[in-house]
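The values are calculated or read from the model by the stated rules, or taken from the named source; none is laboratory data. All values derive from a computational prediction rather than experimental measurement. A quick note on method: Cβ atoms are made from the backbone with ideal geometry, for glycine too, and the neighbour counts reach across all protein chains shown. We work out accessible area using only protein heavy atoms, side chains counted, and drop any ligands, DNA or RNA first. Shrake-Rupley method; radii C 1.70, N 1.55, O 1.52, S 1.80 Å.
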Amino acid sequence: MRLFFAAAVVSAFSFSDAAPITLVGSDLIAPVIKKSVSTLAEKDGVELKIDMTGSFVALDKLRNGSADIAIIGLPREQKIPEEFAAIPFAYQAAIVVVNVVNPLEEISTAQLRDIFAKNAINRIETWEQMGIGSAGNMRNILPVVTSFNDGVALELFKYSCFKGDNIAPWVSVVQNKSDIYNIVKTNNSAIAVIGKLKPDHGALKVVAVSEPRKDSERGYAFKPEPDILYNNDYPMSLPFYIVYKKGSASKIKGLIRILLDDKLARDLEGGNFFSVSKNFRKKSVLELDMAQ
């Protein structure tokens, strides 16, 4: 959890006529947005200092006044502290994929645990156990996961599904994401958990994921699509928020506009992140303007 959450926070800004804006936060997202934020800030005449070194210190810096705005990554079940306002900014997700010939359309986090976890109580080894008994040559499940080179996908998967357990020794941990693509494309029995898919993923199919409801009934299954991520309905996602002290929006409005710019959204989409959709970004800017 420490590795997962330490990789998860970003940004802080301080808008004033006299002082530069200071950007602090997650080193996970910094390489993706840093250049464009600097360029757009310079273009708009915003003096900017960037110091994005990790998540843990971002909110503290907002509290003590050494930062004015932060982009933080926060696990879905955790809440933004009451003293701060928050705007959805981006997401990372662990994504389940199979070969397109595989009839599987959805899977639960409990089933994923039983396939991938070392100490699974009800281990699932065959596709017949998943209710798929007539899929040609599909018999034994071949579980595959990405490595730590694929953003936080592996840690996010474990955090969301494993309840403290670890990856089982029978699971293949593949270093190169393109190798996973090849494994799933050439093996109908493979199921893989990876980070964001390339647009040209070809013969791979994304599987919807559900999580148990509190009443023990089966929950709805979702794919990591823009509206679903925005509503926090996809079980294996890490949301990132633009966060600032309530009442300070007038100082940082220009910088928030930069962060919600189309250029930043394109950078995020090309850098293993999902950006908030344009409509939701426009909605956030409108609400910001109306609040002034």
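Here are the numbers for this structure:
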| item | result |
| --- | --- |
| Trypsin sites (Lys or Arg not before Pro) restricted to DSSP loop in the range 52-89 with at most 12 other C-beta within 10 Å | LYS79 |
| Of LYS205/LYS245; LYS118/LYS223; LYS251/LYS278, pairs whose Cα-Cα distance is over 32 Å | LYS205/LYS245 |
| Approximate spin-label separation GLU225-ASP165, in nm, with each point projected 7 Å along Cα-to-Cβ | 3.0 nm |
| Rh (Kirkwood; distinct C-alpha pairs) - the range 236-292, Å | 12.3 Å |
| Per principal axis, descending, Cα span of the range 153-229 in whole Å | 40, 32, 21 |
| 5 Å-binned pair-distance histogram of the range 154-292 (Cα, whole percent) | 2, 7, 14, 17, 17, 15, 11, 9, 5, 3, 1, 0 |
| Modelled FRET efficiency - R0 51 Å, GLU42 with GLU105, Cβ distances, 0.05 increments | 0.60 |
| Debye, to nearest 20: dipole size of the chain, +1 on Lys, Arg Cβ, -1 on Asp, Glu Cβ | 100 debye |
| Sparse-neighbourhood loop sites, GluC sites (Glu not before Pro) in the range 190-292 - DSSP loop, at most 15 other Cβ within 10 angstrom | GLU217 |
| Solvent-accessible area, 1.4 Å probe, carbon plus sulfur percent, for the chain | 49 percent |
| Estimated FRET transfer efficiency (LYS35, HIS201; beta-carbon r; R0 45 Å; 0.05) | 0.95 |
| In sequence order, calculated HN-Hα J values of the range 284-289 (Karplus, 6.51, -1.76, 1.60; Hz; x Gly/Pro) | 5, 5, 4, 5, 5, 5 |
| For the range 65-209, projected area of the alpha-carbon convex hull averaged over all directions, nm² | 10.6 nm² |
| In Å, descending, principal axis extents of the Cα set of the range 32-98 | 47, 32, 20 |
| Full-extension gain in nm, GLU83 to ASP262, via 0.36 nm per residue minus C-alpha separation | 61.6 nm |
| Separation in nanometres of the label points that stand 7 Å from Cα toward Cβ, at ARG63 and SER250 | 2.7 nm |
| The range 169-212 - convex hull of alpha carbons, volume per residue in Å³ | 110 Å³ |
| Angle in degrees between helix 249-259 and the longest Cα principal axis of the chain, rounded to the nearest 10 | 50 degrees |
| Sequence ranges 80-90, 43-53, ranked by mean other-Cβ count within 10 angstrom, highest first | 80-90, 43-53 |
| Calculated diffusion of the range 13-137, Stokes-Einstein form, Kirkwood radius summed over Cα pairs, 20 °C and 1.002 mPa s, µm²/s | 116 µm²/s |
| Cα-based Rg of the chain normalised by 2.2 N^0.38 Å, two decimals | 1.08 |
| Cut-off 20 Å (backbone N to label point 7 Å along Cα→Cβ of VAL285), residues of the range 22-44 | 33-44 |
| Trypsin sites (Lys or Arg not before Pro) restricted to the range 221-292 and DSSP loop, no more than 12 other C-beta within 10 Å | LYS246 |
